[in-house]
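The values are calculated or read from the model by the stated rules, or taken from the named source; none is laboratory data. Computed from a predicted structure; not experimentally measured. Here the Cβ positions follow ideal geometry from the backbone for every residue, glycine too, while neighbour counts run over all protein chains shown.
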Amino acid sequence: MFGLSLAFGYWSLEKFLRMPLHVLSHPLGAHVLTHLRDKTTKPALFRALSYQISLLLALEATRDLASVEKTIETPMETTTGHVLAKPIVVVSILRAGLGMVQPFHDTFPDVSVGYVGLERDHLTAVARSYYCKLPPLAGKRVIVVDPMLATGGSAVQAIDAVKATGGKEIVFLCIVASPEGVALMQQVHPEVPIHAGALDRQLNAKKYILPGLGDFGDRLYGT
Ligand code: PRP
Ligand code: URA
């Protein structure tokens, strides 16, 4: 009688049932993350490690991509295989999200890239939008990438922009998530799966993730 929309205050049973957080469980992911966290890791290695863990996350986040049958000729005979059914769009939250884009270009056949520029205020930790350029999103798998899900404010704003541009099949990828960021995402965008390299303990008073890895953008670009 109540179906799936039985309500508990803000939460509905439907939203409660859709709280997809996937934490990477590959041992290579843990290895790479440990070196990313290490404060002695220099920007060149940091960028290489970001590439590696983003590739692992990209593969996890695209396991369920649709494919279609394709008949081809091998040098031996005719056979039927499968190819990806539709292109993907990666939306990078500037600036640190740029460190997660290249593995998509290198691995997937047809990728377009959008950008959402957001910067947290140093005092309030509230993100301010300074740029947004998104390709057509309707009918595409949209993968929003940002290495750090801290308060969740940046991810929520970026996904708001993606939805406003017609994106519906949305996935969010981050390298480190905080419980606070995951909770905000699940409150505001409960249908968006989150793929994280790790779920860390908490935020500190300045809204940085603990144990975390510091300021990702600064470490990526040596600033
Ligand atoms: C960092 C990070 C995320 C954001 C996460 O960006 O790359 O975008 O903070 O924090 P939140 O979940 O609390 O919103 P920052 O604002 O430092 O900008 P940058 O990428 O240009 O360094
Ligand atoms: N942004 C970062 O780069 N690191 C954090 O820990 C939080 C936000």
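Restricting the search to segment 35-62, which residues are hydrophobic (A, V, I, L, M, F, W, C) and in contact with a Ser or Thr (Cβ under 9 Å, 6 or more places away or on another chain)? Step through it out loud before you land on a result.
First, the residues of segment 35-62 that are hydrophobic (A, V, I, L, M, F, W, C): 36, 44-46, 48-49, 53, 55-59, 61.
If the condition is that a residue be hydrophobic (A, V, I, L, M, F, W, C) and in contact with a Ser or Thr (Cβ under 9 Å, 6 or more places away or on another chain), then Leu36, Leu49, Leu55, Ala58, Leu59 are the ones that fit.
Condition first: under 18 Å from Cys174 (Cβ atoms) and in a loop (DSSP other than H, G, I, E, B). Can you find one or more residues in segment 92-100 that meet it? Steps first, answer last, please.
Here is the first cut: in segment 92-100, the residues under 18 Å from Cys174 (Cβ atoms) are 92-100.
Adding the requirement that they be in a loop (DSSP other than H, G, I, E, B) leaves 95.
Looking for residues that are under 18 Å from Cys174 (Cβ atoms) and in a loop (DSSP other than H, G, I, E, B), one finds at least one in segment 92-100, hence yes.
Of the residues Ala161, Ala155, only one is modelled with pLDDT of 95 or more, small (Gly, Ala, Ser), over 14 Å from the mean Cα position of the chain (by Cα) and not in a loop (DSSP other than H, G, I, E, B); which?
Ala161
Residue by residue through segment 187-214, note down the ones that are under 16 Å from the mean Cα position of the chain (by Cα) and not in a loop (DSSP other than H, G, I, E, B).
Val188, Ile194, His195, Ala196, Gly197, Ala198, Leu199
Scan segment 73-94 for residues that are over 30 Å from Asp218 (Cβ atoms), aliphatic (A, V, I, L, M) and surrounded by 10 or more Cβ atoms within 10 Å (Cβ to Cβ) and jot them down.
Val83, Leu84, Ala85
Taking interchain pairs and intrachain pairs at least six residues apart, which have beta carbon atoms under 7 angstrom, with the first residue in segment 155-175 and under 21 Å from Leu59 (Cβ atoms) and the second of a type in the set (Phe, Trp, Tyr) and not in a helix (DSSP H, G or I)?
Ala155/Phe172
Please verify whether Ile53 is more than 22 Å from Lys168 (Cα to Cα), under 16 Å from the mean Cα position of the chain (by Cα), within 16 Å of ligand 2 (Cβ to nearest atom) and touching a residue at least 60 places away in the same chain (Cβ under 8 Å), treating the condition exactly as stated.
Taking the combined requirement at face value, the residue satisfies it.
Among Arg63, Arg47, which is the only one that is charged (D, E, K, R) and surrounded by 16 or more Cβ atoms within 10 Å (Cβ to Cβ)?
Among Arg63, Arg47, only Arg47 is charged (D, E, K, R) and surrounded by 16 or more Cβ atoms within 10 Å (Cβ to Cβ).
Test Gly217 against the criterion of being within 10 Å of ligand 1 (Cβ to nearest atom), surrounded by 22 or more Cβ atoms within 10 Å (Cβ to Cβ) and not in a strand (DSSP E or B), and give yes or no.
In short, no.
Just wondering, is there one or more residues in segment 108-115 that are surrounded by fewer than 21 Cβ atoms within 10 Å (Cβ to Cβ), touching a helix residue (DSSP H, G or I) at 6+ places or on another chain (Cβ under 7 Å) and within 22 Å of Gln52 (Cα to Cα)? Don't jump to the end; show me each part of the working.
As a first pass, look at segment 108-115 and keep what is surrounded by fewer than 21 Cβ atoms within 10 Å (Cβ to Cβ): 108-113, 115.
With touching a helix residue (DSSP H, G or I) at 6+ places or on another chain (Cβ under 7 Å) added as a condition, the list becomes 111.
Right, trim to within 22 Å of Gln52 (Cα to Cα) and you get 111.
Yes, segment 108-115 contains a residue that is surrounded by fewer than 21 Cβ atoms within 10 Å (Cβ to Cβ), touching a helix residue (DSSP H, G or I) at 6+ places or on another chain (Cβ under 7 Å) and within 22 Å of Gln52 (Cα to Cα).
I'd like to check something: does segment 44-65 contain any residue that is part of a strand (DSSP E or B) and out of contact with any Pro (no Cβ under 9 Å at 6 or more places or on another chain)?
No, the conditions are met nowhere in segment 44-65.
Before we move on, is Leu137 surrounded by 15 or more Cβ atoms within 10 Å (Cβ to Cβ), assigned to a loop (DSSP other than H, G, I, E, B), touching a strand residue (DSSP E or B) at 6+ places or on another chain (Cβ under 7 Å) and not hydroxyl-bearing (Ser, Thr, Tyr)?
Yes; evaluated as a whole, the condition is true for this residue.
Checking the condition in contact with a His (Cβ under 6 Å, 6 or more places away or on another chain), within 16 Å of ligand 2 (Cβ to nearest atom) and either within 13 Å of Leu21 (Cβ to Cβ) or assigned to a strand (DSSP E or B) (or both), which residue from Leu184, Leu173, Leu118 passes?
Result of the check over Leu184, Leu173, Leu118: Leu173.
Please find, among Thr79, Thr41, the residue that is more than 19 Å from the chain's Cα centre (by Cα), assigned to a strand (DSSP E or B) and either over 22 Å from Ala198 (Cβ atoms) or not aromatic (Phe, Trp, Tyr) (or both). Can you show your working first?
Working: Thr41 fails: assigned to a strand (DSSP E or B).
Matching residue, one of Thr79, Thr41: Thr79.
Output the residues belonging to segment 140-170 that are surrounded by fewer than 17 Cβ atoms within 10 Å (Cβ to Cβ) and either within 14 Å of ligand 2 (Cβ to nearest atom) or among the small types (Gly, Ala, Ser) (or both).
Ala164, Gly166, listed by residue number.
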